[in-house]
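Take a look at the structure below.
Taken together, the values in this text are just the output of simple stated rules run on the coordinates, not laboratory data. On a predicted model such as this, the values are computed, not experimentally measured, just so you know. Note: ideal-geometry Cβ built from the backbone for every residue, glycine included; neighbour counts use all protein chains shown.
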Amino acid sequence: MSINKKRTKTLIAILIIFLFLTLFYKWQLATSKYYLDRGDNNYNTEDYKQALKDYKYAAAIDGNRNIVYTAKIKRAEIFFASGMFDEAKKELFEAIKENKIGSEAYELLGDINYTERKFNLAADYYDQALEFSGSDIDKNIKIKKGKNFIAQNRMDLAEDIFSELYSENNGAKNSEVLYYLALLDFNKNIFFNDLLKEAGDSDSKILKNRIRKIENFISEYDENKNSDYNNVKIADLYNKINEPYLAVNRISAVLENNQSYRDAWIISGEANFIIGDYEKALEDFQKALAFDGHNPEICFWLGSVYEKTGDVQKSKEFFEKYELLK
């Protein structure tokens with residue numbers, strides 16, 4: 001066989017292999033995209049169990065790094081929403097291997113660590129997310145970073161974040177930015193400030209409801225009451241508007257001065273229950289119960305905490321006691 005014929009056969013073989021690999025890659029890409037789209041459909045219809053499987057298939061086919069990254073992010077979102085934080089983190093670390101500059105992975109890692117009350121880690125991840133985010137996403141991450149500072153009782157840093165956002169055109173129009181800047185102002189001086197009024201004019205029903213509760217509170221607020229009483233009432237308001245970290249900050253000052261203040265322990269327990277720190281909530285409600293063993297509200301909360309921690313017998317016991325006492 002001549003050298004030319006050998007070269008021709010070799011070239012044909014190479015072309016066949018190249019064609020095969022091209023077709024195989026296209027099949028991979030089409031198949032992984034199919035499972036990604038199907039996962040999105042199941043995600044949108046809240047069939048999360050099937051969505052998890054679809055996203056797993058989309059990532060396993062490995063046809064495209066962007067598809068793998070997106071599938072991992074979606075799986076992490078489902079695990080996070082289900083309270084499966086370790087599984088969510090695993091998916092996110094794998095997603096980062098596919099795309100080291102994707103802000104979504106770092107932002108979600110920040111959210112998970114915030115929920116776990118690992119605030120320093122959350123701040124680090126939010127900072128990493130900000131390195132790679134666009135302007136619209138950037139605003140939302142900064143809001144989360146500001147809330148993270150509030151949870152750490154670093155109010156000055158939180159105010160810096162929200163003030164910076166407010167000074168920007170898009171921030172000034174954002175009702176959540178207005179609300180938190182107003183709330184930080186309210187936290188220092190208990191009055192209905194202009195920012196609260198501005199935030200109350202937004203379309204957000206949630207914020208309108210919270211601001212209405214603040215307004216009602218202010219109309220009944222009595223500055224002549226002793227400071228512990230006022231701080232307990234303010235902390236109670238924070239729980240009612242779903243700002244438990246501000247409640248913890250306010251009520252901690254009361255309990256430092258007065259360990260026998262029953263209502264302060266109840267409100268501290270409520271705040272920690274909202275946060276999800278059931279161990280600390282249980283401790284708070286037990287201390288409240290020691291001062292008032294026949295209080296139906298305390299019994300209800302203890303029943304609720306034991307229900308969350310899976311102690312069915314204790315939960316039943318306190319709910320029954322609540323029914324007898326109410």
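Placing a label point 7 Å from the Cα of Lys316 along the Cα-to-Cβ direction, the residues of the range 272-310 with a backbone N closer than 19 Å are 299-310. Counting charges near Asn230 (Lys, Arg +1; Asp, Glu -1) among other residues having Cβ under 9 Å from its Cβ returns a value of -1.
Here's the picture: charge each Lys and Arg Cβ at +1 and each Asp and Glu Cβ at -1 in the chain, and of Ser202, Tyr125, Val177 the one pushed furthest to the positive end of that dipole is Tyr125. Give the calculated FRET efficiency between Glu307 and Gln286 to the nearest 0.05, with a Förster radius of 22 Å applied to their Cβ-Cβ distance. The computed FRET efficiency comes out at 0.90.
Phi angles across the range 201-218 convert, under the Karplus curve 6.51 cos²θ - 1.76 cosθ + 1.60 with θ = phi - 60°, into 3J(HN,Hα) values of 7, 6, 8, 6, 5, 4, 5, 4, 5, 5, 5, 4, 5, 5, 4, 5, 4, 4 Hz, Gly and Pro given as x. Helix-only arithmetic for the chain: the sum of -39500 (n - 2.57) across DSSP H runs with n ≥ 4, divided by the residue total, places the mean residue ellipticity at 222 nm at -27000 deg cm²/dmol. In terms of the mean number of neighbouring beta-carbon atoms within 10 Å, the peptides 276-288, 81-93 order highest first as 276-288, 81-93.
Close Lys pairs in the range 222-326 (alpha-carbon distance under 21 Å; sequence gap of 8 or more, or different chains): 18.
Once the Cβ-Cβ distance of His294 and Glu223 is raised to the sixth power relative to R0 = 45 Å, the FRET efficiency obtained is 0.85.
Here the contact order of the chain, divided by its residue count and restricted to Cα pairs under 8 Å and six or more residues apart, works out to 6 percent.
Potential lengthening of the chain between Lys97 and Asp127 amounts to 9.0 nm, from the contour at 0.36 nm per residue minus the alpha-carbon distance. With q set to 0.10, 0.12, 0.20, 0.21 Å⁻¹, the log10 of I(q)/I(0) for the range 222-326, from the Debye formula over equal scatterers at the Cα positions, is -0.27, -0.38, -0.97, -1.05. Remark: spin-label model distance Leu157-Lys53 equals 4.5 nm, labels positioned 7 Å along the Cα→Cβ axis.
Extension gain for Thr115 to Asn66 (0.36 nm times residue separation, less C-alpha to C-alpha distance): 14.9 nm. Label sites at Lys197 and Glu46, each approximated as a point 7 angstrom past Cα along Cα to Cβ, lie 4.0 nm apart. A convex hull fitted to the Cα coordinates of the chain yields 184 cubic angstrom per residue.
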